[in-house]
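Report on one structure; see the data block that follows.
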Amino acid sequence: MTDLTATPPADLLSILIAPHAVLKARAKPVLDRDADRVRALIPRMFATMYHAPGIGLAAPQIGESLRMAIVDVAEGDARQPLVLVNPEILAASTELATREEGCLSLPQQYADVTRPARIKIRFEDADGMRREMEADGLLATCIQHEIDHLNGVLFVDHISALKRNIIMRKLAKEQRIKAAERG
Ligand code: NI
């Protein structure tokens, strides 16, 4: 088994902030020849996500346009790391659920997003094994949010243009202030 969480803190990756071309692009499928690259990225992505902290991180967010994401919605110290390589949604419930979402690529920005309440997905795990699983609640929301990233879609693409513009302007302003503070 791959150890998903062990990595030195110095190995953190930098997270792209929206707007960015890689965040808008459809990511490429992970092929057999990408296996070594993906294996090396997974522990670094977990370290980066736990450090942020966040509950999901997709490869495009760290500048790798590959169909791969990680998720961990466990609370507190109990970790439930999940690696999704080439994930696909096989089925989604007609019942919807609305949750407040945020994103490490849109720091400090939040909005209510409505999505299917339950999904069934197919993916490959960290060891390249084909798997299927069903998810509901926060996990279902998080997985759909991460799969969106692989298709160049951000949570703000699910809300009205008016709300999206307000968030993107606020984010740009906060990023300018942060950059100025760094000198
Ligand atoms: Ni996100």
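The values are calculated or read from the model by the stated rules, or taken from the named source; none is laboratory data. Predicted, not measured: the structure shown is a model, and the values here were computed from it. No Cβ is skipped: glycine too gets one built from the backbone with ideal geometry, and neighbour counts run over all protein chains shown. Just the protein is used for accessible areas: all its heavy atoms, side chains included, with ligands, DNA and RNA removed. Shrake-Rupley method; radii C 1.70, N 1.55, O 1.52, S 1.80 Å.
For the range 21-182, carbon and sulfur atoms together expose 50% of the accessible surface, with a 1.4 angstrom probe and every protein chain in place. Here the range 37-141 is treated with +1 on each Lys and Arg Cβ and -1 on each Asp and Glu Cβ, and its dipole about the Cα centre works out to around 380 debye.
Dividing the Cα radius of gyration of the range 1-119 by its Kirkwood radius returns 0.96 for Rg/Rh. Computed across the range 72-183, the Kirkwood radius stands at 15.7 Å (inverse of mean 1/r, all Cα pairs). Taken over the range 79-141, the alpha-carbon convex hull comes to 102 cubic angstrom per residue. For the chain, the tally of Lys pairs with Cα-Cα distances below 27 Å comes to 9, considering only residues 8 or more apart or on different chains.
Please work out the FRET efficiency for the pair A172 and A21, using the Cβ-Cβ distance as r and a Förster radius of 22 Å; give the result to the nearest 0.05. Calculated value: 0.90. Sorted on the mean count of surrounding Cβ atoms within 10 Å across their residues, most packed first, peptides 40-49, 120-129, 162-171, 58-67 read 58-67, 40-49, 120-129, 162-171.
Over the chain, give the accessible area per residue in Å² for a 1.4 Å probe, as an integer.
On the way: 10050 Å² over 183 residues.
With the other protein chains kept in place, the chain gives 55 Å² per residue.
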